[in-house]
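Below is one structure; the comments refer to it alone.
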Amino acid sequence: MNFSTMAKPSVAIAALSLTMTGCVTTQGNDTYVNGKCITCWENPLTVETTNGRGSTTDSLTSAEGVTLSCRKATSKYDQTWHFRDKRWCDNTTLPGASLSPSVTYSETVALPVDMAYSKAKRFLRFTDPDDNRGGDSPFAARRWDGIPGTYYNVVGMYGGPMRQMLWYAEYDVQFEKVSSSRTKVSLRHRVYSRDMDPTDFRKQLMGAIRR
């Protein structure tokens, strides 16, 4: 992976330079130059365009002077950006990265369903109803369903800036009991990164379950 950090001009500087040659208009809190919004960002998970000054994001400047549009930090210890690449906030895109197509995979492992689920949970590091934190945790599963001893389904995200990683995977994984000692694992996922092979995430997860 390329861990180099390059300087990025602030939106304010970009807007100033564009006013010299383009038509500048405002709509609400956003600024448009020749019809193109220059203060909007695209959420890679929901593909929802919003501005950097809403209730979930805020504008701040890092130690390197790079202007970011990140969510508000909850404390001085809350890093909303990646320590290796401060252009990547934990709720925005990473320049140069792309989201892979969805990949599907299934495999039957020689483990009881509860054990297979527990090993996956330890690797993916999500919280579920047993943790008594639910949606209050930033790492809670986006969707969870399960019948202990029979079936589990988890939809979530692994990696990203909040995990201090320069990639993340969106996943939907199911665990179905085949017998008392065998479980069918079905995985659908896609990876957002600069150059990571999406199958690497599957190999990491399945390796953690088999160990």
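The values are calculated or read from the model by the stated rules, or taken from the named source; none is laboratory data. Computed from a prediction, not measured in an experiment: that's the story for all the values here. Neighbour counts are summed over all protein chains in view; Cβ atoms, including those assigned to glycine, are modelled from backbone coordinates with ideal geometry.
I need the full set of residues from the stretch 164-211 which are of a type in the set (A, V, I, L, M) and assigned to a loop (DSSP other than H, G, I, E, B), in order please. Once the filter is applied, which keeps residues that are of a type in the set (A, V, I, L, M) and assigned to a loop (DSSP other than H, G, I, E, B), the stretch 164-211 yields MET165, LEU166, MET196. In the stretch 163-175, what residues are crowded, with 17+ Cβ neighbours inside 10 Å and of a type outside the set (Val, Ile, Thr)? Result: LEU166, TRP167, TYR168, ALA169, GLU170, TYR171, ASP172, GLN174, PHE175. Listed residues TYR152, TYR192; which is more than 24 Å from THR74 (Cα to Cα), over 16 Å from the mean Cα position of the chain (by Cα), crowded, with 19+ Cβ neighbours inside 10 Å and outside the structural domain of HIS82 (by TED's automatic domain parsing)? Answer to the selection: TYR152. For the stretch 169-189, a tally of residues being of a type in the set (Asp, Glu) and more than 20 Å from the chain's Cα centre (by Cα) returns 1.
Taking the criterion of being over 17 Å from GLU170 (Cα atoms) and either surrounded by 15 or more Cβ atoms within 10 Å (Cβ to Cβ) or among the hydrophobic types (A, V, I, L, M, F, W, C) (or both), the residues of the stretch 98-116 that qualify are VAL109, ALA110, LEU111, PRO112, VAL113, ASP114, MET115, ALA116.
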